[in-house]
Structures are given as C-alpha cells and as structure tokens.
Amino acid sequence: MIELFDKKKCCGCGACMQICPKNCITMRADNEGFLYPMVDTSVCVQCGACEKVCPFNSVYEQQKPISTYGVINTNEQIRLTSSSGGAFTALARTILRQNGVVFGACFDKDYQVVIAYAEDEDSLEAFKGSKYVQARVGESFSKCKCFLNQNKIVLFSGTPCQISGLKHFLKRDYDNLYTIDVVCHGAPSPMVWETYLNWCKRQNLGLSSIRNIFFRDKCSGWKGFSFTIKGQNCTLSTPYKYNPYMKAFLWDVILRPSCYECKAKAGASHADLTLGDFWGVDRIMPSVDDNKGVSLVLANSIKGKELLNKTVELNVFDTDYDKAVYYNPAIVNPVKPHPKRNYFFKNFNSTDSFENLVEKCLKPSLNEKCVDALKRIYHKLLKRK
Ligand SMILES: Cc1cc2nc3c(=O)[nH]c(=O)nc-3n(C[C@H](O)[C@H](O)[C@H](O)COP(=O)(O)OP(=O)(O)OC[C@H]3O[C@@H](n4cnc5c(N)ncnc54)[C@H](O)[C@@H]3O)c2cc1C
Ligand code: SF4
Ligand code: SF4
Ligand code: SF4
C-alpha cells in the first residue's frame, strides 16, 4: 500500500488511485492545496498495485532528444493565442484529422485546471495556452487506456511527471499512442490559484463573472507577456513581472514540493515530443524572431519526429540542443525553493492581502540588503586593486 513519508516523492499524477482494484485511494488536498493519495485501509487488500505503478519507485532515465527544432505555426491567429509558437495546436489537429482523441489541460467551470479530452476542433481550443496551475488528472489515464484499446489514435499531453505517470499506468507501449510533454518550470498550488482569483474578483467587481484567462497574453509581445483576465464588464491585464500570482510562480514560491527535485525532466518522461519556449532564439536564429513566439520542439523518438513531419501547418527549423538548454535551463534542471516558500504557506490564510504577502516574500530583508551592499562594496574594492 502506498505510504507517503516524503512529499517530494509524489507528483500527484494519480496513477495509484486509478489502478487500485478496490477503488480505495482518493486524492486529497493537503494544507498547501496539492493533491496526495489517501488510502482507506479498511478496504485495502494489500495487493501492492499502487506501489508498483508509482513512477517514484522506478528509475528515471534521462535522454537527449534525437532532433531539436524551432517551430512556428503558419496560422498567425493560432500562433498569437498560443504560449510560444503554437506547435501544440498544429500537432493536435494532425491527430484529430485521423479521427483521433487529444488529451490536454483546460479550465473547468470554476477556472481550476483539469486534464480532459477533445475529439473535435472546437473542444481542442480549450487546451490552447499554458495554464500555470497544477492540473487535476482525475480518471484521464483510465480513459486514455479505453480509447487505446478501442484502437483510436490518442495524443496525451501534459507535464513530464504526468506523462511518466501515464506510461507507468499503461505498463506497455501502444503503437496508437503519442505523448507530448512541456519544458516544465513547476506546478503552482491550485489552492493559491483559487485564492488569487477570488482576491482579483474582490478588487475588481467587474471580474466577478470571468469570461477567459490568459497566462501568456501576447498583447505586450511574447517575451514581455502579460497575464490577462477577461470579465463581463472589465479586463485586468498586467505585464507578468508586476502580477503577484505570476511573480510567486516564476520566483518559485508556490510550486509543488516534488518540482524542486523533479526527476521527470530532460527526456526522462519518454514523451515522444517535448514543447517549450524557444528562449534565446533572438541569439541563436535572429532572423526567425519577431517577438510573436517560437516553440522549441524536442523530438525524443522516431514516432515524435514522424508526427512533426506529418504536421503541415508548421514552419520547422533545425537547431542545436545544447544551445537551447543554455538559454532555457528548465529543460534539464529543477528550480530551487524560494527561501520564503514556507513563510508564504504559513501566512497564507492571514489577514494580509494576496499582493502584500507575495511582496513580503519577494522583498529582500534588511539582512539580505546589507549582504548585497557589502558584496557590491567588496567587488568595487577588488576592481580598484
Ligand atoms: C506548468 C507549466 C510550466 C512550464 N514551464 C516552462 C518553462 O519553464 N520553460 C519553457 O520553455 N516552457 C514552459 N512551459 C511550456 C510553455 O508554457 C508552452 O506550453 C509550450 O511552449 C507549448 O506552447 P505552444 O505554443 O506549442 O502550445 P500551447 O497551446 O501554448 O500549449 C498547450 C499545451 O500545454 C499543455 N498545458 C497547459 N497547461 C497545462 C497544465 N497546467 N498542466 C499540464 N499541461 C498543460 C496543454 O495540455 C497543451 O499540451 C510550461 C508549461 C506549463 C503548463
Ligand atoms: S495495496 Fe492494492 S488495494 Fe491497497 S490501496 Fe494499493 S492498490 Fe488499492
Ligand atoms: S506520484 Fe503518482 S502514483 Fe506515486 S504516490 Fe503520487 S499520485 Fe500516486
Ligand atoms: S517540475 Fe516536475 S514534478 Fe513539477 S510539475 Fe513539472 S514535471 Fe511535474
């Protein structure tokens, strides 16, 4: 039976819950809002299936991609409404054209993020764009297996740990399964996201009825993107570096504990393709960069390469993996927890406003300021010598 002593060793993929023959595992949120398995020991028959399926109980083998590309969707509208170059939508359309099914992350009616599936282009639209919140996997691995056994072509997309969880759940390769993961900075807490949204609604009453949310709005360009919420009567749009939620995400305050020691990166999920932002494209391939977004696509298998080759709506440019990693270290390295991460979660339910709490965490303390000032003086003195 699965027993968790170290939260860093559970990514919340839910494979254990979905494999349990007695349905005695439920995924419950902890005090930070992340889901973990809970076993009803009165029903458990100690079959061990949950332990066996857990990706943390096997070795993660990292691998370098067989090819690395810069990719741009030829449809300007899709490119501008996607996070990077719009590679995902084009690849997913190739699957739908073969009467296939695509799994991806979308908002539910309360703007929480869940993994769902689409069998037509209209439903696919909801998967477009990154949602920087940990998605609830629910029963999607079981559903994916059903489609595979019906000989449907399936594309499953998600974070590397979700793809790794799926592969452990399925236990074998399927010719009709394609998998795509993302270069992953980490997954923020759904509870923090919910609290932030409620805080936004209180601050801006026009947002009480939300129409859409864009984590990567390109109204101010791809590199300096904005976070935008569209309400019935008003729109809140802020460059990411001034938005408290995005700051807490990007400065590593609100990520799941497993993200800080992630083992599923660097090809270890064995997804056929990995998608990310082609940061550094302005240095590596300046002629391609127009600040509208370029996807980085890592082909980790021949199957992934074939799917990319079959996808007609993309302009594809060969590039160099090591250079891409240099400008985008999240491909291989997990981030370190922010020193005030624990402070944030400890004070999360205090009377402080969301913005104040984030500011308190990110503002350097007097000690840190003194150390920085001393360092600056020391370096100046060294230069004079
Ligand atoms: C939590 C998270 C962190 C990321 N961190 C980085 C990073 O540090 N560096 C980097 O280069 N790229 C990162 N990305 C990937 C990047 O944001 C784009 O998703 C990627 O470049 C693909 O963009 P696109 O234009 O091809 O397609 P888009 O349409 O923008 O992306 C859609 C794809 O993202 C998936 N997706 C969206 N939200 C989630 C979610 N919450 N959970 C699981 N899957 C999701 C969808 O299922 C679909 O596969 C991250 C993505 C996520 C979800
Ligand atoms: S040991 Fe078997 S029955 Fe018990 S929780 Fe795990 S999978 Fe379920
Ligand atoms: S990593 Fe996945 S399979 Fe392992 S305990 Fe956590 S939810 Fe269960
Ligand atoms: S950083 Fe690793 S553990 Fe965290 S969501 Fe991404 S893939 Fe999963």
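Which percent of the accessible heavy-atom area of the chain goes to carbon and sulfur, probe 1.4 angstrom?
Carbon plus sulfur share of accessible area: 51 percent.
Given the -39500 (n - 2.57) contribution per DSSP H run of 4+ residues, what per-residue ellipticity at 222 nm results for the chain, rounded to the nearest 500 deg cm²/dmol?
Per the formula, -9000 deg cm²/dmol.
What dipole magnitude, in Debye to the nearest 20, does the range 7-57 give about its Cα centre under +1 on Lys/Arg Cβ and -1 on Asp/Glu Cβ?
So the magnitude is around 120 debye.
How far is the Cα center of the range 133-155 from the Cα center of the range 292-316, in Å?
The range 133-155 and the range 292-316 have Cα centres separated by 22 Å.
Arrange the peptides 46-56, 249-259 so that the one whose residues have, on average, the most other Cβ atoms within 10 Å appears first.
249-259, 46-56
Take the chain, connect every pair of alpha-carbon atoms lying under 10 Å apart with a spring to form a Gaussian network, then pick out the residue of Asp110, Asp120, Asp181 with the largest mean-square fluctuation.
Asp110
Under 1.5 on a/c is rounded, so check that first for the range 239-316, then, if it is not, pick prolate when a/b is larger than b/c and oblate when it is not; a ≥ b ≥ c are the square roots of the alpha carbon gyration tensor eigenvalues.
oblate
Considering the options Gly86, Ile115, Tyr60, tell which one lies farthest towards the positive end of the dipole of the range 55-145, charges being +1 on Lys and Arg and -1 on Asp and Glu at the Cβ, about the Cα centre.
Tyr60
Evaluate the distance, in nm, between pseudo-label points positioned 7 Å from the Cα of Lys363 and of Phe5 along their respective Cα→Cβ axes.
Taking the two extended label points, one gets 4.1 nm.
Sort the range 7-57 into rounded, prolate or oblate with this rule: let a ≥ b ≥ c be the square roots of the eigenvalues of the Cα gyration tensor; rounded if a/c is under 1.5, and if a/c is not under 1.5, prolate when a/b is larger than b/c, oblate otherwise.
Verdict is oblate for the range 7-57.
Work out the charge dipole of the range 88-201 with +1 on the Cβ of Lys and Arg and -1 on the Cβ of Asp and Glu about the Cα centre, then indicate which of Phe103, Cys161, Phe127 is farthest towards its positive end.
So the residue furthest toward the plus end is Cys161.
Using a cut-off of 15 Å between beta-carbons, work out the net charge of the residues near Val53 (Lys and Arg +1, Asp and Glu -1, Val53 not included).
Once all neighbours under 15 Å are counted, the net charge is +4.
How much length, in nm to one decimal, is gained on full extension between Asn233 and Thr41, taken as 0.36 nm per residue of separation minus their Cα-Cα distance?
On the way: separation 192, 0.36 × 192 = 69.12 nm, distance 5.00 nm.
Gain in length upon complete extension: 64.1 nm.
About its Cα centre, how strong a charge dipole does the chain have in debye, to the nearest 20, once Lys and Arg get +1 and Asp and Glu get -1 at the Cβ?
1300 debye
What are the principal axis extents of the Cα atoms in the chain, in Å, biggest first?
Extents along the principal axes: 68, 59, 54 Å.
According to the square roots a ≥ b ≥ c of the eigenvalues of the Cα gyration tensor, what is the shape class of the range 88-154, taking rounded for a/c under 1.5, prolate for a/b larger than b/c otherwise, and oblate for the remainder?
It comes out oblate by the Cα gyration axes.
The values are calculated or read from the model by the stated rules, or taken from the named source; none is laboratory data. Just so it is clear, the structure is predicted and the values come from calculations on it, not from any experiment. So basically every Cβ, Gly included, is an ideal-geometry build from the backbone, and we count neighbours across all protein chains shown. Surface areas here come from the heavy atoms of the whole protein model, side chains and all, with no ligands, DNA or RNA. Shrake-Rupley method; radii C 1.70, N 1.55, O 1.52, S 1.80 Å.
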